[in-house]
Each structure stands twice: as structure tokens, then as C-alpha cells.
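What follows is a set of notes on a single structure, which appears directly below.
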Amino acid sequence: MWKRTYAPLWFLAPAVITLLAIGLYPLGFALVNSFRQYLVTKPRLGTPFVGFENYLSVLQDDSFWESLLRTFQFLLVVLPIQILLGLGIALLLYRPGLGLLRTITRVSLVIPLATTYAVVGLIGRLMFNKDFGVVNQFIGVFGIESVPWLGTENLAFASIAMMDIWQWTPFVALVLLAGLSMVPKEIEDAARLETNNPWTLFVHVQLPYLWPGLTAVLILRTADILKLFDMIFVMTRGGPGSATELISIYVHRIGFRVFDQGQASAQAIILLILVIVLSRLYIRVFYREVQS
């Protein structure tokens, strides 16, 4: 009897232990470090407890707020574009009569998602290269001189935004397409008998089934952008200047260039709290639409 009751736990134990090791332990380690003075360059000082001193230092750091503001600017640029493009692609693929074309398109949409951030950054670095990049070669056909995409502040910001849009618009499209597939066929057919207006059909029939997917997209992409590091580090390393230094790049600089692990840990914990707050806000605002 005992073996039958507890045998499943033995099969779950390796997965649970792994999740604890790669999830909770780093979080706990960062939380403890955020309350300590942890300077890697001064090991003789040890790691004395300093309370909320690291958090106060972070909140008074102008560079931290500038990088956080830059991150939200990036979020407000790429996320609306990804949602609009993804919605357009989903609506096109939802149309009847596409057959094999729909299947091929779905498979092709997975390719950007299967590409790692570092590879996307390398592709972007090659595409936007001033001397031999394919973007400058394309605009050169129209007589436009080579543009220093990654050497100019505004253009470097636009470049990383375009690469993020390329990589994650397919994800939004697939999520919204799944939401459209949940619309009951009989309700949609009845609505088409009442009106031929596509906008009315979309707002009153299809959109209510898209709110859960849109909420998931907002939560996942917001959390993802707040921790976006690999692609930017490979493309620009946060430059030129600090034009593309999003918050994750700044935390990396404090932790692994300034070597202040205590302050970097405090910044990471603040970002975690921010993600939780924004996620709760998204759920409150958009799930209210679902319930209504």
C-alpha cells in the first residue's frame, strides 16, 4: 500500500529537485545577496549584512532609472507592432480555403522562434553592418549611401527593435490564431448571416476569444523584454554610448563589470517585483474584458 501511494513521488522527485536547483536556489541566492555588501573585487571585506542599503542605492541611481525608462520605450515600440502584425497574420491564416498554404506558413512561423537570441543578434549584426550588411546593399540599389545602423543612437535602437519584431511576431500570430480557432463555428456562421461587416464580426464575435491570448502575450513579452540580454549584447553591447543599454544590460554591467553583486542582485529583485505587478495589472484589466 505504501509503495502504491508514494511511488509516483519517486518519479516526480528528479524533476522537482531540478526545478528547485535551477529556479528557487538562484532566486534565494540573489535575494540574500541583495541585503549584503558583495564586492567581488574586495574579497577580504567578506559579505557583511547591510539591510536595505543596496535597494536605496539602486533607487537613487539615475542610470538605473534611465535604463529602465529606455526598456519601457523599447516595450512600447515593439509590443504594439508585434500585436498588430501578429493579429493581421492570424486573421489571414484563419480565412477558409488556404489548405496547404496555411500549413506551410505555420511551419515557417516557427523558424524565428526556434532561433536563439544570440543567433538573432549575430544575424542582426551582420544584416545592419555598415560595410557589407544586406540592409545597406538593398538601399544602395536605390542610390542611398551606406547608413551606420549600429553606430548611431536612434538607428541602433531601431535595429534591435526590428530584430525583436522579426523574432516574436510569429509567436503572437500563432497564439492569436489559436484563439481564433476557439470561436464556435455555429456562432460565427450565425453572426455572418446577421452582418457582412468584418469589423463588427471581429469586435463582437472573435475578439472576446482573443483576450486570453492577448493577456498571455502581454505578460510573456513584458517579462521577456525586461530580461532581454543576449540579442542586444551580441548586436551592440548596449551602445553606442548607452542608446541600447536596456535594464538587463545595465544589471549585467553592475554585476560583471563593476563587480557589485549586492547592488546587481537588488536590481534583479526589483525587476522581479515589477514583472509580478505588471502581470497582475494585465490580468485585472484584460480579464475583466473576458468576464464582461
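The values are calculated or read from the model by the stated rules, or taken from the named source; none is laboratory data. Here the structure is a predicted model, which is why all the values come from computation and not from measurement. Neighbour counts run over all protein chains shown; Cβ positions are idealised from the backbone, glycine included. Just the protein is used for accessible areas: all its heavy atoms, side chains included, with ligands, DNA and RNA removed. Shrake-Rupley method; radii C 1.70, N 1.55, O 1.52, S 1.80 Å.
Mean separation of Cα pairs under 8 Å and 6+ residues apart, divided by the residue count of the chain: what relative contact order is that in percent?
28
Can you compute the equivalent ellipsoid semi-axes for the stretch 33-106, i.e. the square root of 5 times each eigenvalue of the Cα gyration tensor, sorted largest first and rounded to whole Å?
After scaling each eigenvalue by five and taking roots: 51, 17, 9 Å.
Tell me, what % of the accessible area of the chain is carbon and sulfur with a 1.4 angstrom probe?
Using a 1.4 Å probe with all protein chains present, the chain comes out at 69 percent carbon and sulfur.
Within a Cβ distance under 15 Å of D164, other residues only, what is the Lys/Arg minus Asp/Glu net charge?
+2
To the nearest 10 square angstrom, how much accessible area does V58 have with a 1.4 angstrom probe?
The accessible area of V58 comes to roughly 0 Å².
Note down the net charge around P240, summing +1 for each Lys or Arg and -1 for each Asp or Glu among other residues with Cβ under 14 Å from its Cβ.
After counting each charged neighbour, the total is +2.
How much accessible area per residue does the stretch 53-291 have, counting only protein heavy atoms and a probe of 1.4 Å, in square angstrom?
53
Please give the length that would be gained between A15 and D189 if that part of the chain were fully extended, namely 0.36 nm times their separation in residues minus their C-alpha to C-alpha distance (nm, one decimal).
Full extension from A15 to D189 adds 58.1 nm.
Going by alpha carbons, how many degrees (0 to 90, nearest 10) lie between the helix axis of 100-114 and the longest principal axis of the chain?
Orientation of helix 100-114: about 10 degrees from the principal axis.
Rounding to the nearest 10 and keeping the result within 0 to 90°, find how far the Cα-based axis of helix 153-180 lies from the longest principal axis of the chain.
50
Using only the Cα atoms of the chain, what do you get for the radius of gyration and for Dmax, in Å?
Using the Cα atoms of the chain, the pair Rg, Dmax is 23.6, 81 Å.
Under a point-charge model restricted to the Cβ atoms of Lys and Arg (+1) and Asp and Glu (-1), what is the dipole moment magnitude of the chain relative to its Cα centre, in debye to the nearest 20?
The dipole magnitude comes to about 840 debye.
Just to make sure I understand: if all protein chains stay in place, what is the order of T18, T222 by accessible area at 1.4 Å, largest first?
Order by accessible area, largest first: T18, T222.
How big is the gap, in Å, between the Cα center of the stretch 157-204 and the Cα center of the stretch 7-34?
If we compute the Cα centre of each part, the gap is 38 Å.
For the chain, with a Gaussian network of springs between Cα atoms less than 10 Å apart, report the residue from G124, G151, G28 with the top mean-square fluctuation.
Answer for the Gaussian network model of the chain: G28.
Quick one: give the max-minus-min coordinate of the C-alpha atoms of the stretch 144-269 along each principal axis, largest first, in Å.
For the stretch 144-269, the Cα extents along the three principal axes come out at 65, 46, 17 Å.
Using a 10 angstrom cutoff on alpha carbons, build the Gaussian network for the chain and name the most mobile of L271, L31, L150.
Greatest mean-square fluctuation among the candidates belongs to L31.
Expressed as a whole number of Å, what is the distance separating the alpha-carbon centroids of the stretch 239-289 and the stretch 73-116?
Taking the Cα centre of each part, the stretch 73-116 and the stretch 239-289 sit 27 Å apart.
Helix 117-127: angle to the longest alpha-carbon principal axis of the chain, degrees 0 to 90, nearest 10?
80
Please name whichever of F49, L177, H204 sits farthest to the positive end of the charge dipole of the chain, dipole taken about the Cα centre and charges placed at Cβ: Lys and Arg +1, Asp and Glu -1.
So the residue furthest toward the plus end is F49.
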